[in-house]
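What follows is a short report on a single structure.
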Amino acid sequence: MKASITLGKVTNFLGLGFFSTLKNLFTGKLEKEDFKVLLRKTIVPLASIVLFIGLWHLGAKSLYNIEAKFKIEKALKDQGQTAAGALKACIASGESTCQPNTLPSPAQVWESYKSLLRDHHIISADKAAFIEKTAVLNAKRIAAGKAAITYTGRPSFVDQIFRSLQTVFAGFLLALLIAVPLGIFIGLSPTLKSAFNWFIQIFKPVSPVVWYLLVFMIVKTLLIDSNEDSSFTISFISVGFCSMWATLVNTAMGVSTVDKDYINVAKVLKLGTFQKIFKVVLPSSLPLIFTGLKITLSVAWMVLIAIELLAQSPGLGLFVWEEFQNGANDSNAKIIVAMFVIGIIGFLLDRLMLTIQNWVSFDKTDAI
Amino acid sequence: MAYLELNNICKTYGQGANEMEVLSNINLKIEEGEFVAIVGFTGSGKTTLVNLINGLLAPTSGAVLFKGAPVVDTSHERGVIFQNYSLLPWLTVEQNVLMAVKEAFPEKNKKELKTIVADYVEMVSLTPAMHKRPKELSGGMRQRVAVARALAMKPEMIIMDEPLGALDALTRGNLQDEILNIWGKDKEPLC
């Protein structure tokens, strides 16, 4: 009983309230009211997902037919009846060389997803075998002061997902470390605010592509001697600079709009400057700071894909671009798989921030 | 020389065309051990006067003298209880009072401070609520915590700005008696 109450509290805390309703259904404690809520919260989303997949399937099918018809007519015009007939038979048989290139159907996307997972397992096995084989050799090389031989095979889809996650967290951390202290100083001092205001207003709307180029120029020169792959460095720095403005502005606003009552308390208790900042100003502005951080993380995840594409950093952005350039028959499906993965990870990251925000906020309201 | 003196206090808000004189030529002398109540309609300048006495505001002209010295800023010697309680909502009752006591007695160690806090929270009958946050308390309880916080600093004078204004009539009656009791025990001037 106690465990189930705690589980209920935890799932509500994490913003996944409908799981607790589901749990109630199974433990038989469901009230009539709750049942209606259950219908609304689980059945309706499930129904709309099924409807969405159905509409997608119908749309993909009609696009497929349009593209197939066009191809056959073109073959008829250019090469004559027999070629057109052969093409028609080819398309109908599902032969991969002549499939129309258009929006893939849900079934195709699911197939691509499974093939990406298989590919990942194969590559992981290869990598493990490689590490085993070279373990002895590498030990000797390290002992002799030489660099170890590393696996230089192509990264799998899951590896690329991890690379993207690493980049987004590194960028987010950079944004946090720059924007929060700077925001606090700007919020506390009107002089600093005037000094920085023009800077913030001009650089805030700059597009991620331009940020990438700017960072590339600077980092390339700074790392001119190193022959390491600087794509990760350039990526996470660009992501950090693109996304830090929301945190900066929100922190400054939170700090400068601390309730006058709390400032009066600090004055009456005669708190020192440090005490005032850490014990009154910061806790009072934490909700706004966290709202800024939440926006920063979602912006970082969004610009990450574009920046990875430009920086050729082996993450999801590069994956999407390469598949697009490839134009292989299942590339479109793989791009759609990547789209869903990006969306789901973005959703989970947002929930993570919401959980941390709830944990830290003292009024425990669900912020936007 | 009176304990607290207000000499020809004038306080004006705003500038130029928007100038509004809230207090004009206020003179007041309070002796040690007195209990003074200042009444007036809303907007008559009670909060302004109170903030001039406790040091949160400076007069436009005139002087506020406490024990002979001009009041320039707030001080631990003048405890304040605000109209809106002003408890820090992210701290528990104990932490709120502890923060005040730590500032007032920087030389004491943590255990002594906690004992003082426990004593004063006991005095306002809120020991069961020691580890609760303000949002879990009723209005009357929050105001009692504010009273405990002000008293725990052992000020020479306590200044209360409409402390019972946000409470219902029943609680107001109870708290009025409690404040008189506490004043009876510590005998600081109340204003």
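The values are calculated or read from the model by the stated rules, or taken from the named source; none is laboratory data. Not measured: the values here are computed from a predicted model. Heads up, the Cβs are rebuilt from the backbone with ideal geometry, glycines too, and the neighbour counts pull from every protein chain shown.
Looking at A:L177, A:L182, A:L173, just one residue is touching a Leu at 6+ places or on another chain (Cβ under 8 Å) and in the same structural domain as A:I295 (by TED's automatic domain parsing), and that residue is A:L182.
Taking first residues from segment B:41-56 that are closer than 18 Å to B:L164 by Cβ and partners that are among the polar types (S, T, N, Q) and at pLDDT below 85, the Cβ contacts under 8 Å between residues at least 6 apart in sequence or on separate chains come to B:T47/B:Q83.
To keep it simple, each residue is scored yes or no on (1) assigned by TED's automatic domain parsing to the domain that holds A:K204; (2) at pLDDT 90 or above; (3) outside any helix (DSSP H, G or I); (4) under 14 Å from the mean Cα position of the chain (by Cα).
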| site | (1), (2), (3), (4) |
| --- | --- |
| A:F241 | yes, yes, no, no |
| A:D261 | yes, no, no, no |
| A:K276 | yes, no, no, no |
| A:T296 | yes, yes, no, yes |
| A:A300 | yes, yes, no, yes |
| A:V303 | yes, yes, no, yes |
| A:A306 | yes, no, no, yes |
| A:L310 | yes, no, no, no |
| A:E322 | yes, no, no, no |
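Which residues, counting only those in segment A:89-131, are among the acidic types (D, E) and part of a loop (DSSP other than H, G, I, E, B)? A:E95, the sole residue that qualifies.
Inside segment A:344-357, residues that are at pLDDT 90 or above and surrounded by 19 or more Cβ atoms within 10 Å (Cβ to Cβ) make up a count of 1.
Residue-wise test of (1) crowded, with 19+ Cβ neighbours inside 10 Å; (2) more than 14 Å from every other protein chain (Cβ to nearest Cβ); (3) touching a residue at least 12 places away in the same chain (Cβ under 8 Å); (4) touching a Cys at 6+ places or on another chain (Cβ under 7 Å).
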| position | (1), (2), (3), (4) |
| --- | --- |
| A:P314 | yes, yes, yes, no |
| A:G317 | yes, yes, yes, no |
| A:F324 | no, yes, no, no |
| A:N329 | no, yes, yes, no |
| A:I342 | yes, yes, yes, no |
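When you check A:I66 against the structure, is it more than 32 Å from the chain's Cα centre (by Cα) and at pLDDT 85 or above, yes or no? Against the criterion (more than 32 Å from the chain's Cα centre (by Cα) and at pLDDT 85 or above), A:I66 qualifies. Of the residues making up segment B:74-96, those that are facing another protein chain (nearest Cβ under 9 Å) and among the hydrophobic types (A, V, I, L, M, F, W, C) are B:V80, B:F82, B:L87, B:L88, B:W90, B:L91. Is it the case that some residue within segment A:258-280 is away from chain B (no Cβ under 14 Å) and either touching a His at 6+ places or on another chain (Cβ under 7 Å) or under 23 Å from A:L316 (Cβ atoms) (or both)? No, segment A:258-280 has no match at all. Report whether or not A:V219 is aliphatic (A, V, I, L, M) and within 23 Å of the chain's Cα centre (by Cα). The answer is no for A:V219.
Condition test on B:F35, is it away from chain A (no Cβ under 14 Å), aromatic (F, W, Y) and in contact (Cβ under 8 Å) with a residue 40 or more places away in the chain? Yes, satisfied.
Being in a loop (DSSP other than H, G, I, E, B), within 14 Å of another protein chain (Cβ to nearest Cβ) and in contact with a strand residue (DSSP E or B) (Cβ under 6 Å, 6 or more places away or on another chain) is the filter here; which residues of segment B:38-73 pass it? Passing the criteria: only B:V71.
Within the set B:K102, B:K108, the sole residue that is assigned to a loop (DSSP other than H, G, I, E, B) and either at pLDDT below 90 or within 14 Å of chain A (Cβ to nearest Cβ) (or both) turns out to be B:K108.
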